[in-house]
């Protein structure tokens, strides 16, 4: 299991003195985080212009709390559940989970989650300024949508047999309706991270 950086929220909240304890802690955190991703995928919040899931918020929050390495590994574990056939993704069911699911329209966004968690973890390290935190979370969200939209535009296997829908449609259907919701999620993640470090500071 990848080591947890000492400068993370989770590292400060759950310190481990021995290597074996650190491994057990990281395994527990990764499993808990991956299950949080499953729950976030299934919750749909009424929002304008389209309903939104809480997955992006969970990705940003987990990355920010766990750090780049464990955050990315946790998201990878969540994706592994789906690759194994478990119905953990937003559209499963009725869609069928498994390796072929990643070839569909949302596969790029799932892979983008890993990059987003890593960037969020870097942005939220101990001592990071507010500007770095907000800028990093924006960059994390941007990376997620760039990977997702590029895959949707050029690589996704569509129902009619075509590969991708083109950049214009990928942005119109894969990004534009969600922009307002993403701004809200970034703001919430920023507040959560700031509150976490403030709590640790008061305890210290």
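List of remarks:
- Yes/no for residue 16 being free of Cβ contacts under 8 Å to residues at least 40 places away in the same chain and touching a helix residue (DSSP H, G or I) at 6+ places or on another chain (Cβ under 6 Å): yes
- A single entry from 61, 40, 32 fulfils the requirement of being touching a strand residue (DSSP E or B) at 6+ places or on another chain (Cβ under 7 Å) and at pLDDT 95 or above: 40.
- For region 82-101, a residue qualifies if it is more than 23 Å from residue 51 (Cβ to Cβ) and either in a helix (DSSP H, G or I) or within 15 Å of the chain's Cα centre (by Cα) (or both), and the qualifying residues are 83, 99, 100.
- The helices (runs of 4 or more DSSP H) found wholly in region 112-204 and carrying at least 3 residues that are without any contact (Cβ under 8 Å) to a residue 12 or more places away in the chain and either at negative phi or buried (at least 18 other Cβ atoms within 10 Å of the Cβ) (or both) occupy 130-154, 179-203.
- A search for C-beta distances below 7 Å between a residue of region 71-89 that is touching a residue at least 12 places away in the same chain (Cβ under 8 Å) and any residue that is in a helix (DSSP H, G or I) and surrounded by fewer than 17 Cβ atoms within 10 Å (Cβ to Cβ), counting only pairs 6+ apart in sequence or on different chains, returns 83/99.
- Qualifying residue in region 1-21 (condition: farther than 30 Å from residue 172 by Cα, surrounded by fewer than 18 Cβ atoms within 10 Å (Cβ to Cβ) and modelled with pLDDT of 95 or more): no
- Each residue in region 23-35 was checked for being surrounded by fewer than 18 Cβ atoms within 10 Å (Cβ to Cβ) and either farther than 20 Å from residue 93 by Cβ or in contact (Cβ under 8 Å) with a residue 40 or more places away in the chain (or both), and 6 of them qualify.
- Counted residues, region 28-50 - those being part of a loop (DSSP other than H, G, I, E, B) and in contact with a helix residue (DSSP H, G or I) (Cβ under 8 Å, 6 or more places away or on another chain): 4
The values are calculated or read from the model by the stated rules, or taken from the named source; none is laboratory data. Keep in mind that what you see is a predicted model, and the values were worked out from it rather than measured. Positions of Cβ are backbone-derived with ideal geometry, glycine not excepted, and every protein chain shown enters the neighbour counts.
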